[in-house]
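The values are calculated or read from the model by the stated rules, or taken from the named source; none is laboratory data. Everything numeric here is computed off the predicted structure, so don't read it as measured data. All Cβ positions, glycine included, derive from the backbone under ideal geometry; neighbour counts span all protein chains shown.
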Amino acid sequence: MRRVKSDERAQIRLTLNGRAVLGLAEPRMLLSDFLREVLGATGTHVGCEHGVCGCCTVLIDGIACRSCLVFAVQAEGRSVATVESLAATDGTLNRLQRAFREHHALQCGFCTPGILMSFTDYLGRNQAPSEAQLRDVLSGHLCRCTGYDGIMRAVIDAAGPKSEDP
């Protein structure tokens, strides 16, 4: 990769939610800002911009990452999945999203995309997590509205036997 001057914009090619995309970003632009401002993936929310609140969590090559701690240029050639990738193309919610709706696991919804992405990664790697493990994942997210009970009920439900989900 060639070096880019600080005042020069870099061309970034990546796969966003299964689709090849291209955009320009200054070397110091954060991935969270690139996703929102350049690529239009506004489901990725920006909260603290220090990696603490978890609102900006996306999957990079299948692993949950805080997009406010990654430069856009670091996503070159990578696969990035945002909350927009979770529902089916016809709008049908996935199992985790349905559980959030059924258990009233959101109020304002600001933290929800990041939480959904963290648990998408975690539940994809852990078939039978304990409640303590799920609480540990949730501890990486700040929510000021729900009190976490509904979120825990939803995640426990979604982590259960997966017979009806395609």
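Note on the stretch 34-148: enclosed helices (runs of 4 or more DSSP H) holding 2 or more residues that are of a type in the set (Lys, Arg) are 95-102. Looking at the structure I just gave you, is residue 129 within 15 Å of the chain's Cα centre (by Cα) and of a type outside the set (Lys, Arg)? No. Does residue 79 satisfy the criteria of being among the small types (Gly, Ala, Ser), in contact with a strand residue (DSSP E or B) (Cβ under 6 Å, 6 or more places away or on another chain), closer than 20 Å to residue 38 by Cβ and modelled with pLDDT of 95 or more? Taking the combined requirement at face value, the residue satisfies it. Restricting to the stretch 71-94, and then to whatever is free of Cβ contacts under 8 Å to residues at least 12 places away in the same chain and of a type outside the set (Gly, Ala, Ser), can you tell me which residue is nearest to residue 22 (Cα to Cα)? Per the stated criteria, the residue is 89.
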